[in-house]
Amino acid sequence: MANIISIVSSKGGTGKTTVALNLAVALAESGDSTLLIDVDPLGAIGFSLARSDTEWRGLAEHIVDETLLDDVIMQTKLPQLSILPRGCLDPLDIDIYENVLRCSPALQDIITAVQHRFRYIIIDTPSGLGSVTRAALAVSTHTLLPLQAEPLALRAISQSLHVLQHVKENENPDLELLGILAIMVELNMDVSFTIMNTAWSSLPGVMETYIPRAEVFHLASEKGVPVSFLPGRCPPEAKRFEILATEIQTIIQNLGGDTGVEDERPQRELV
């Protein structure tokens, strides 16, 4: 059964899509079959990979035009990673798209159809805590909250935590908080350092891994690739996502989820 992780933020500009994309790549490169779903009406995953707004069919065609799901799930050149893009969506039709996701079981039907094929399903949600994000949370087993290391993001994180608690109590009792992931961290800056100290001391579930602010993310976005796909020496920021993937696997295992790792080991002899 898949571990379904929604990446959620109550505000924009937090690097949510960067986290979703690079985490999915890190999980796939560790050998786990992974599906990245873009439910954001803006199609942020496609833009991150330098694709035009109408280049890929995807979720929109499946839920609006009833295109077969297998025809819109895209196998990437990374064998363990597939992507379900947002698809071609006229901005004038965003309201229809959101209504379908909010009022129909379309997203749950998709998860039911594919969850046996993937170890991890990463859902990139739109910014904010509206109907599409709520629909994603309703079908997820876990959620990850990126926290930009800035005062406004710290003040707003309580909104996300409140919504998660409501969804867990009223809509999806299986939903678990994986943790709060600090991103765009600059520990050499007083504001960022203070935010991190406050987060670590006062917020529940702040992850040990954090993602620094770095120019390499802009370079990766410009080239339309994940950070680990940039040429040359592997940047340390890509290593961060490998560490994040391992931390997430450990948390899920501790919560009783299936990570594909065998807990029972036979006795072995060293010499």
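Observations on the structure shown:
- Ordered from largest to smallest accessible area (heavy atoms of protein chains, 1.4 Å probe), the residues 36, 203 come out as 203, 36.
- The fraction of accessible area contributed by carbon and sulfur in the chain is 52 percent, rounded to a whole number (1.4 Å probe; ligands and nucleic acids excluded).
- The modelled label-to-label distance between residue 247 and residue 234, using points 7 Å beyond Cα along the C-beta direction, is 1.8 nm.
- Peptides 178-189, 245-256 ranked from most to least packed by the mean count of surrounding Cβ atoms within 10 Å: 178-189, 245-256.
- Note on the range 14-149: percent of Cα-Cα distances in each 5 Å bin, starting at 0 and stopping at the bin with the largest distance, equals 2, 10, 22, 26, 23, 13, 4, 1, 0.
- Inter-label distance for residue 186 and residue 219, nm, one decimal - labels placed 7 Å from Cα along Cα-to-Cβ: 1.8
- The range 232-237 - phi-based ³J(HN,Hα) in whole Hz, Karplus 6.51/-1.76/1.60, Gly and Pro as x: x, 5, 4, x, x, 5
- For residue 184, distant residues with modelled amide H under 5 Å away: 211, 213
- Residue 157 accessible area, assembled protein chains, probe 1.4 Å, Å²: 10
- With contacts taken as Cα pairs under 8 Å and at least 6 residues apart, the chain reaches a relative contact order of 25 percent.
- Distance from the C-alpha centroid of the range 178-216 to that of the range 97-155: 23 Å, rounded to the whole angstrom.
- Estimated [θ] at 222 nm from DSSP helical runs (n ≥ 4, -39500 (n - 2.57)) normalised by residues in the chain, nearest 500: -13000 deg cm²/dmol
- Choice from 67, 17, 141 with maximal GNM fluctuation in the chain (Cα, 10 Å cutoff): 67
- Grouping the Cα pair distances of the range 126-227 into 5 Å bins from zero gives a pair-distance distribution of 2, 12, 20, 20, 17, 16, 9, 3, 0 percent in increasing distance order.
- Positive-end ranking of 116, 7, 39 along the dipole of the chain, with charges on Cβ about the Cα centre, is headed by 7.
- Candidate cross-link partners of residue 239 among the lysines, defined by an alpha-carbon separation under 21 Å and a same-chain spacing of 8 or more, comprise 16, 77, 223.
- Sorting 127, 48 by solvent-accessible area of protein heavy atoms yields 127, 48, largest first, with a 1.4 Å probe.
- Solvent-accessible ranking of 94, 122, 243, largest area first, probe 1.4 Å: 243, 94, 122
- Using a probe of 1.4 Å, the accessible surface attributed to residue 269 totals some 140 Å² when neighbouring protein chains are kept in position.
- Peptides 159-167, 5-13 ranked from most to least packed by the mean count of surrounding Cβ atoms within 10 Å: 5-13, 159-167.
- DSSP beta bridge pairing in the chain, given as percent antiparallel to the nearest 5: 5
- Look at the alpha carbon pairs under 8 Å that are at least 6 residues apart: their mean separation over the length of the range 118-271 gives a relative contact order of 18 percent.
- Annotation: residue 116 carries an accessible surface of approximately 140 Å², with a 1.4 Å probe and no ligand, DNA or RNA atoms counted.
- Table column - 3J(HN,Hα) (Hz), the range 16-32, Karplus curve with 6.51, -1.76, 1.60, x for Gly and Pro: 4, 5, 4, 5, 4, 5, 6, 5, 4, 5, 5, 5, 5, 6, 7, x, 8
- Per residue, the accessible area of the chain comes to 49 Å² when a 1.4 Å probe rolls over the protein heavy atoms.
- For the range 70-170, the equivalent ellipsoid derived from the Cα gyration tensor has semi-axes of 25, 18, 16 Å, listed largest first.
The values are calculated or read from the model by the stated rules, or taken from the named source; none is laboratory data. Bear in mind that the values here come from a model prediction, so they are computed numbers and not experimental data. Cβ: placed from backbone, ideal geometry, glycine included. Neighbour counts: every protein chain shown. To get the accessible areas, we keep the full protein, side chains included, count just its heavy atoms, and leave off ligands, DNA and RNA. Shrake-Rupley method; radii C 1.70, N 1.55, O 1.52, S 1.80 Å.
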